[in-house]
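Q: Just dropping this structure here.
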Amino acid sequence: ARREIKPQQPLPDWKWGIFARDEVAVYHGKRKMGQGKVLRVDHARSRVWVEGIKLREFATEESANDPDPSRPLEYELREDSVHYSQCNLIDPVDGRRTRLRWRYLPDGRRVRVAVRSGALLPRVPPPPPDEPREFPRWSERLTTPRDAVLERTNIAPQWAKQRV
């Protein structure tokens, strides 16, 4: 009889130490797959997408949704996900892979610390936006004009019976 595989519980969010834009080294057993920048993470499935690692051919959306079945599919190379346990952060001191520990600073902030060198591993800030975003004022967006509120829209047609 086959043994049933139980699904593994995902790592809770507060334990995650790998974030987008971090530099990581990816290993498969003892074999190094490479190192690169984390593009995105999926906490629910414990997966990480790393730039230039585990490239795979994916069908483009245009060719996959093409109504003509005789046309061949077009493919593009994209990164596929890697399990988070195969990723190690890069130590800023010597550039080698390291594990991390969570520590608290005297001011109460929770920070990542490299086990190899004891150096702090700061979060990489997001890149600045290309254009400054203008946020619409919520009162202008959510307030209905007075004449639209007072407009009568439930007028019965001529053929409908009038109740007295």
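The values are calculated or read from the model by the stated rules, or taken from the named source; none is laboratory data. None of these values were measured; they are calculated from a predicted model. As a convention, Cβ positions derive from the backbone with ideal geometry for all residues, glycine included, and neighbour counts pool all protein chains shown. In case anyone asks, the SASA skips ligands and DNA or RNA and just uses the protein heavy atoms, side chains included. Shrake-Rupley method; radii C 1.70, N 1.55, O 1.52, S 1.80 Å.
Q: With charges set only on the Cβ (+1 for Lys and Arg, -1 for Asp and Glu), what does the dipole of region 20-164 come to about its Cα centre, in debye to the nearest 20?
A: 1180 debye
Q: Same structure again: Quick check for you: with a 1.4 Å probe and neighbouring chains kept, what is the accessible area per residue of the chain, in Å²?
A: Result: 86 Å² of accessible area for each residue.
Q: Suppose the chain between Asn65 and Glu151 were pulled fully straight at 0.36 nm per residue; how much longer would it get relative to their current alpha carbon spacing?
A: Taking 0.36 nm per residue and subtracting the Cα distance, the gain is 26.5 nm.
Q: If I take R0 = 22 Å and measure r between the Cβ atoms of Arg31 and Gln8 in this structure, what FRET efficiency does the formula 1/(1 + (r/R0)^6) give, to the nearest 0.05?
A: Efficiency, rounded to the nearest 0.05: 0.45.
Q: Continuing with this model, one more query. Trypsin sites (Lys or Arg not before Pro) within region 1-59: which are DSSP loop residues with at most 11 other Cβ atoms inside 10 Å?
A: Arg2, Arg3, Lys30, Arg45
Q: For labels at Trp102 and Glu131 in the simple 7 Å Cα→Cβ model, what's the distance in nm?
A: Output for this residue pair reads 4.0 nm.
Q: Further question on the same structure: Under the rule that an exposed site lies in a DSSP loop and has at most 16 other Cβ atoms within 10 Å, name the longest stretch of the chain with no chymotrypsin sites (Phe, Trp or Tyr not before Pro) of that kind, not counting the sites themselves.
A: After excluding every exposed loop site, the longest remaining stretch is 20-158.
Q: Given a Förster distance of 45 angstrom, what is the FRET efficiency for Lys54 paired with Thr144, based on the Cβ-Cβ distance and rounded to 0.05?
A: Details: r = 51 Å, r/R0 = 1.14.
The calculated FRET efficiency here is 0.30.
Q: While we're here: Give the share of C-alpha pairs in each 10 angstrom bin for the chain, from 0 to the last occupied bin, in whole percents, shortest bins first.
A: Calculated P(r), rounded to whole percents: 8, 21, 21, 17, 13, 10, 7, 3, 1.
Q: Could you name the aspartates and glutamates whose alpha carbon sits less than 12 Å from that of Lys54, not counting residues in the same chain fewer than 8 places away?
A: Qualifying aspartates and glutamates at Cα under 12 Å: Glu79, Asp80.
Q: Once you keep just the Cα pairs under 8 angstrom separated by 6 or more residues, what percentage relative contact order results for the chain?
A: 15 percent
Q: Counting helices only, and only those DSSP H runs with n ≥ 4, report the 222 nm mean residue ellipticity of the chain as the sum of -39,500 (n - 2.57) divided by its residues, in deg cm²/dmol to the nearest 500.
A: -1500 deg cm²/dmol
Q: At 1.4 Å probe size, with the rest of the protein present, what percent of the exposed accessible area of the chain is carbon and sulfur atoms?
A: 51 percent
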